[in-house]
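Comments concern the structure below.
The values are calculated or read from the model by the stated rules, or taken from the named source; none is laboratory data. The structure displayed is predicted, hence computed values, not measured ones. Cβ atoms come from the backbone with ideal geometry, glycine included; neighbour counts cover every protein chain shown. For accessibility, only protein heavy atoms count, side chains too; no ligands or nucleic acids. Shrake-Rupley method; radii C 1.70, N 1.55, O 1.52, S 1.80 Å.
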Amino acid sequence: MEILEMQLRKTLGAAALVTAATMASLAGCSGRDDDTDPLPDAGCLGTCSPDSGTGDAGTGDAGTGDAGTGDAGVQTVTIREARLLDDRPQIILEGVVVTTVVYVSSKDTGVSADFWVADPNNAQDGIFVQKYRTDPPTTYVPARGDIVTIQGFVQNNSRFRDREGYRKVLKNNFDFRGASEATPMVITKTGTMTPPNDIAVSIDNGFGNSDGGSGRPNLEHLGARVHIQGPLTLTDANPMAMKRLATPDGGEDTMHFGFEVSGGVLVNNLTTFGTTTDGGTPRCDYRVMVNDGGSVTFPDGIRGVWDTYTHAPCMDGGTSTFSCFNDAGVIPGTTNTWTTVLYPEGCNDLQGVVTEPETLRPAAPGAQTE
């Protein structure tokens, strides 16, 4: 089923950019208050898809110039400064590098994509970017290592967005309240960094213990690509915190959106479960392997982006959370509204060694077996 092409978001007032004094006092801060529901409702009621934005945002000559120069009054800031802003100021990020790509959809009218960028001079500073298909250049497909300048709007994702709620994000300023078109986000690719995998923060064991989803560990790394060093073991293929809530009466559902590894680290499996979108090549679906009686270890650890996670279930008991009327996001089994998890780009970020019962099929391509 096609992911819907419109999300509903409410525009809140744009806040002034932080001052140098504020930055000095808050250096290293994630920009997210650590309470039970830290962000205002950005208004994505009902269908909330990664394919955000609408209207003819790509018209005009917005994609042909130098995005770094910006419009009058649009300030160039660092990612760290951007994360400290309130909802919806327009800013420029200059010379940032794409670290992880988790979603790309190409249509005749353009490319939509979800990805993260980081400061190449400080890998701990990263932020989520959502490009709508009409954001210029409409044909741009992000790839890890791209160096880009982005002019867009810093926003707080609504609590009604499944998996991505409560998250700081950069995108266009589509406003569902009668606006015929959005002010586009403009991306200008200026180079490529090699090897791009160097833009990662190396973390020893002890990082990321979410306490079953009831905690919010390591907020100082939100949006950053990290390498959690090994060896690690897949300890729970079905953590309650990653369970899908699919029935109004809380009935049983076996779908989980990730797994847990040593030290209480939660890992989202959006890019590694099942088969690829063409129905062909198997992925490294480690949940299935463990549920079938096998075990998985990660000798060199795991990689990905550390960011927010929430589950905004369908209010009618449906299962397609990108095409239903969503309830506010929660972490199942806890009183928490969101937690922090790892988002791998794909199987290359999860180099597992699989030990399987002899009755099981061979492991997925790329995975080692014993």
Among the residues of the range 199-231, count how many are in contact (Cβ under 8 Å) with a residue 40 or more places away in the chain, among the acidic types (Asp, Glu) and more than 18 Å from Gly258 (Cα to Cα).
1
Identify, by number, the condition in (1) part of a strand (DSSP E or B); (2) farther than 29 Å from Val261 by Cα that Leu234 doesn't meet.
(2)
Buried (at least 18 other Cβ atoms within 10 Å of the Cβ) and modelled with pLDDT under 90 - does that describe any residue in the range 251-271?
no
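When residues of the range 299-350 are filtered for being closer than 24 Å to Ala200 by Cβ, in a loop (DSSP other than H, G, I, E, B) and open to solvent by less than 10 Å² (accessible area, probe 1.4 Å), how many remain?
Here is the first cut: in the range 299-350, the residues closer than 24 Å to Ala200 by Cβ are 299-309, 338-350.
Applying the additional criterion that residues be in a loop (DSSP other than H, G, I, E, B) yields 299-301, 338, 344-346, 350.
Now restrict to residues that are open to solvent by less than 10 Å² (accessible area, probe 1.4 Å): 301, 338, 344, 350.
Residues in the range 299-350 being closer than 24 Å to Ala200 by Cβ, in a loop (DSSP other than H, G, I, E, B) and open to solvent by less than 10 Å² (accessible area, probe 1.4 Å): 4 in total.
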Any idea how many residues of the range 137-165 are modelled with pLDDT of 95 or more, under 19 Å from Pro89 (Cα atoms) and assigned to a loop (DSSP other than H, G, I, E, B)?
0
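Among Asn209, Asn238, Asn218, which is touching a His at 6+ places or on another chain (Cβ under 8 Å), open to solvent by 30 Å² or more (accessible area, probe 1.4 Å) and at pLDDT 95 or above?
Being touching a His at 6+ places or on another chain (Cβ under 8 Å), open to solvent by 30 Å² or more (accessible area, probe 1.4 Å) and at pLDDT 95 or above holds for just one of Asn209, Asn238, Asn218, which is Asn238.
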Checking Lys131 against (1) in contact (Cβ under 8 Å) with a residue 60 or more places away in the chain; (2) crowded, with 23+ Cβ neighbours inside 10 Å; (3) of a type outside the set (A, V, I, L, M, F, W, C), which test does it fail?
(1)
With Val186, Val102, Val111, Val141 as the choices, which residue is under 16 Å from Thr308 (Cα atoms) and in contact (Cβ under 8 Å) with a residue 12 or more places away in the chain?
Val102
Scanning for something in contact (Cβ under 8 Å) with a residue 40 or more places away in the chain and in contact with a Cys (Cβ under 9 Å, 6 or more places away or on another chain), does the range 239-247 turn up at least one residue?
yes
Candidate set from the range 182-199 (those that are in a loop (DSSP other than H, G, I, E, B) and open to solvent by less than 30 Å² (accessible area, probe 1.4 Å)); member that is farthest from Pro142 (Cα to Cα)
Ala182
